[in-house]
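Heads up, the thing below is written out as structure tokens.
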Amino acid sequence: MSIRTEACLLPAQSLVCYEISFAGGASSRYNPLMAPEFQHLEKLPLAERIQLVEDLWDSIAQTSGEGLPIPEWQKAELERRRQEYLRNPESARPWSEIKRSILESKG
């Protein structure tokens, strides 16, 4: 058995992932960020893991979002922006204009 480590870089931190190779060519990865009950999912083929993520995301998108926690800082920022709009409605731009501006800036 051999153990190979690799750096899995994440914003503002460094993490080490482990790949354990066994005799006969079998190997197993260990990702310390993943909850233990989900570690077995890393053994699925890549296509199946991608499909699983897509299915999970679709199920999230179908929920109403009720009960989803919103941090206080985000609530305060939304209220600040709302108050700014109420003071000066002309400062707002429609999404179509903003999107066009972004696309034009990318060339």
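Miscellaneous remarks
- When residue 93 is tested against (1) part of a helix (DSSP H, G or I); (2) at pLDDT 90 or above, just one condition goes unmet, and that condition is (1).
- Scope region 56-90; condition assigned to a helix (DSSP H, G or I) and among the charged types (D, E, K, R); matching residues: 58, 72, 75, 77, 79, 80, 81, 82, 84, 87, 90
- Residue 96 being under 30 Å from residue 34 (Cα atoms), surrounded by fewer than 10 Cβ atoms within 10 Å (Cβ to Cβ) and either of a type outside the set (D, E, K, R) or out of contact with any Ser or Thr (no Cβ under 6 Å at 6 or more places or on another chain) (or both): no
The values are calculated or read from the model by the stated rules, or taken from the named source; none is laboratory data. As the structure is a computational prediction, the values presented were derived from the model and not from experiment. Note that we place each Cβ from the backbone using ideal geometry, even for glycine, and neighbour counts take in every protein chain shown.
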